[in-house]
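> Here it is, the structure in full.
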Amino acid sequence: MPDQPEYLTLLEMGRRGGALVARMIREIGRRSPLLAALKFKSVDAGGEHYSQVTEEPEAQRRPLNGKYTPSSAVTTPGFAPLYIYGTEISHDRASKRMKLADPVRDTVRAARGLQRLADRDLVWGNPADNELELPGLYYWAEHSLDPSISSISAGADDGGAALAVSLLRDAIDLVDPEPALIVCSGPLRNLLTGAAENTGVSGFITHKKNEFGSRITHFDNIPIVVVGRGPQRMPILGFNEASAGATPTATSLYIFAHERGEGFYPFQNGDIYVDPINGGVQKVRDLEWLIGTLAIGDNPVVRIKHIGNKPIVR
């Protein structure tokens, strides 16, 4: 592994590729604030090598199918699991496939399909249930060394409780290292924006533009990146999760650290690969991206669950 690994945003990847790569990345970044906000660490094909001792915070790193208990040390194998996103490809058992209805003509759909698949798995990927899944934010929050501070409830209301600004600030304070991003759905972001205009709550929302020109809402200067719909256009963070009661109409919000080598961050083996048809710049035959994730730190990912579709409170 290089001594000075690269950490690249999508925009930086686009600058390194040709016209078709840049076009695909623009489509992906424009449609996914989450992917646009992340820096991807470059790793060699052999992956990464770690050696840890008992109960070190870094022991939250896990190999594929790895186990961890506070009473035992973890040494990962000499590879990191890479999950492939693309069209018509397969790589051992750790593969993701996305078939295009018309890969010759539908270049934009290729980018959109990859973006939806990656967004969904970066949030919900859970190798504890399925060894082929990329470990997403859900996995790291629910399988941390101390879930009592990484997975917290908004309240015990059936159908979901109103999110309190005070709870959100408390959750932000629990993130270690420094919190960098908040991830939620568009409807929940809109509830936060509406609450900021209410004089009874007020004053914590600002707006800025990201590198792709999209307007990004900030809570206490922390960007809120919205995830929309995944494959089959299903909401990734809809109000359809389990609540503390019996009615599954709740949602979740995630806060995580994202620094060079710490927090939640994705890694990749090579940039997004685009195979053009006949060398053209408009049509794509094959699209491939090898990525994985790690979560490093005392409490790098915090989830607030059981949030109802209700106005934000103090």
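> For residue 221, state whether it is farther than 19 Å from residue 309 by Cα, at pLDDT 90 or above and of a type in the set (S, T, N, Q).
So residue 221 fits the description; yes.
> Right, something else. When only residues in region 124-149 that are within 15 Å of residue 292 (Cβ to Cβ) and aliphatic (A, V, I, L, M) count, which is modelled with the highest pLDDT?
The extreme case among them is 137.
> Do we find that residue 165 is farther than 24 Å from residue 292 by Cβ and touching a residue at least 40 places away in the same chain (Cβ under 8 Å) in this structure?
So residue 165 passes the test.
> Residue under question is residue 201, and the condition is that it be touching a Leu at 6+ places or on another chain (Cβ under 8 Å) and surrounded by 17 or more Cβ atoms within 10 Å (Cβ to Cβ); does it hold?
When the stated conditions are applied, residue 201 does not pass them.
> Quick one: how many residues across region 177-198 are under 21 Å from residue 123 (Cα atoms), surrounded by fewer than 17 Cβ atoms within 10 Å (Cβ to Cβ) and charged (D, E, K, R)?
1
> For residue 256, indicate whether it is assigned to a strand (DSSP E or B), closer than 18 Å to residue 169 by Cα and at pLDDT 90 or above.
yes
> Could you identify the single residue in 145, 122 that is crowded, with 20+ Cβ neighbours inside 10 Å and not small (Gly, Ala, Ser)?
Values: 145 fails: crowded, with 20+ Cβ neighbours inside 10 Å.
When all the criteria are applied, what remains is 122.
> Out of region 224-237, which residues are farther than 18 Å from residue 250 by Cα and part of a strand (DSSP E or B)?
Listed by number, the residues that qualify are 224, 225.
> Take the residues of region 212-251 that are charged (D, E, K, R) and either touching a Phe, Trp or Tyr at 6+ places or on another chain (Cβ under 7 Å) or surrounded by fewer than 13 Cβ atoms within 10 Å (Cβ to Cβ) (or both): which is nearest to residue 165 (Cα to Cα)?
Once the filter is applied, the top-ranked residue is 220.
> Can you find, within region 199-218, the residue that is modelled with the lowest pLDDT among those that are touching a strand residue (DSSP E or B) at 6+ places or on another chain (Cβ under 8 Å) and farther than 22 Å from residue 11 by Cα?
201
The values are calculated or read from the model by the stated rules, or taken from the named source; none is laboratory data. Source: prediction; values computed, not measured. For neighbour counting, all protein chains shown are included, and Cβ atoms are generated from backbone atoms with ideal geometry for every residue, glycine included.
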